[in-house]
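A short worksheet on the structure shown next.
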Amino acid sequence: MENIKEKLINGELVPFVGMGVFANTQASDGTQLPFDSDSMILALNNGRAMSARLMYEYSRAAMSLEQRKGREYITQMTNHIYASKEYAPPFVYQYLKTLQPKYLIDTNMDDSSTTVYEDVAHFMITGVSRVMGGYERFVIYRYNLETKAYIKIENELLDDSLPILFKPMGCMTPKMDFIVSDADFVDWLTEAMGGYALPPFLKSYKNDKSYLFLGVDFGRDTFRMVANEITLGLSGGVVVTNKEELTKKEQKFIDTHNLEVVQNEVDSFLKEL
């Protein structure tokens, strides 16, 4: 794909960011931030590995911890992973801040992506799960530049007059809501398939867009399903990965969605742009 930088700026190409962008991110105390499923499990379980069955995917491990210790434990532990440490946002967010794309999808649960738009008014959509009183699995906020605060707004107020930050797996700000355990993902994906995980405006706005997948692991079943639902109606895109060999499931997803594979480290790829 040519003119990637220009397409990111004009909104034709949408950045889709995953956990892998944390691969080179260390906190000020020298510890590594979670950057894949295994490291996320260790972070959730105080550095201890779990059984092979649970180590398959962090949502499965989180479900086991939730069953033993409660959902609030998982919420607080997820928040603790990021809130208890000082760290600079991964390079991908620093780079995107120079472009401030019209639409950015960030599946990470920390606040790093909010720094991309911290100096401009914007909309933020955060995913929620297992909520009562309706089918919608999202909350829409508008960022007030003067007060530096997110204010909840109604669906019909969302449009493309301002940049849109979509955090489908939740966020720490302005309220701790995370989609992290199996039960969370099952609920979110079920409603996503029914059309309730995206605001009405976003359902049409996303059509015919291409996507730049950065740090997304398509080897994990859950995130293939999440990516599929969020990008329905896509027009191809690019996957940046440093994997030398893709699994059959990864290759099938890439082929089905007409994606181009660029073998490179995410940070190196962006620096070359």
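Every read-out reported here was derived from the displayed coordinates using simple, explicitly stated rules and does not represent laboratory data. As the structure is a computational prediction, the values presented were derived from the model and not from experiment. Ideal geometry is used to build each Cβ from the backbone, glycine not excepted, and the neighbour counts take in all protein chains shown.
What net charge do the residues around residue 171 carry, taking every other residue with its C-beta under 11 Å from that of residue 171, with Lys and Arg at +1 and Asp and Glu at -1?
That sum, taken over residues with Cβ under 11 Å, equals -2.
Pick from 210, 64, 28 the residue whose mean-square fluctuation is largest in a GNM of the chain, springs joining Cα atoms under 10 Å.
Of 210, 64, 28, the Gaussian network model singles out 28 as fluctuating most.
Check cross-link reach from residue 148 to the aspartates and glutamates: straight Cα distance under 12 Å, and skip same-chain residues fewer than eight apart.
The reachable aspartates and glutamates, counting only those whose Cα sits under 12 Å from residue 148, are 118, 119.
Scan the stretch 147-252 for GluC sites (Glu not before Pro) in coil per DSSP, keeping those whose Cβ has at most 13 other Cβ atoms within 10 Å, and list them by number.
Those satisfying the criteria are 154, 244, 245.
What are the ³J(HN,Hα) couplings of the stretch 111-121, residue after residue, when phi is run through the Karplus curve with 6.51, -1.76, 1.60 and θ = phi - 60°? Round to Hz, x for glycine and proline.
9, 3, 5, 5, 5, 4, 10, 5, 10, 9, 5
For the chain, set up a Gaussian network in which alpha carbons nearer than 10 Å are linked by springs, and say which option among 255, 217, 36 fluctuates the most.
Among 255, 217, 36, the largest GNM mean-square fluctuation belongs to 255.
Could you check which residue among 63, 132, 40 shows the biggest mean-square fluctuation in a GNM of the chain with a 10 Å Cα cutoff?
132
Could you state the number of Å between the C-alpha centres of the stretch 144-212 and the stretch 67-107?
When both Cα centres are located, 15 Å separates them.
What shape does the stretch 37-83 have by the C-alpha gyration tensor, where a ≥ b ≥ c are the square roots of the eigenvalues, rounded means a/c under 1.5, and otherwise prolate means a/b greater than b/c and oblate the rest?
Oblate is the answer for the stretch 37-83, as a/c is 1.5 or above yet b/c matches or exceeds a/b.
Can you pull out the trypsin sites (Lys or Arg not before Pro) in the stretch 1-82 whose DSSP state is coil and whose Cβ has at most 13 other Cβ atoms within 10 Å?
Answer in residue order: 48, 53.
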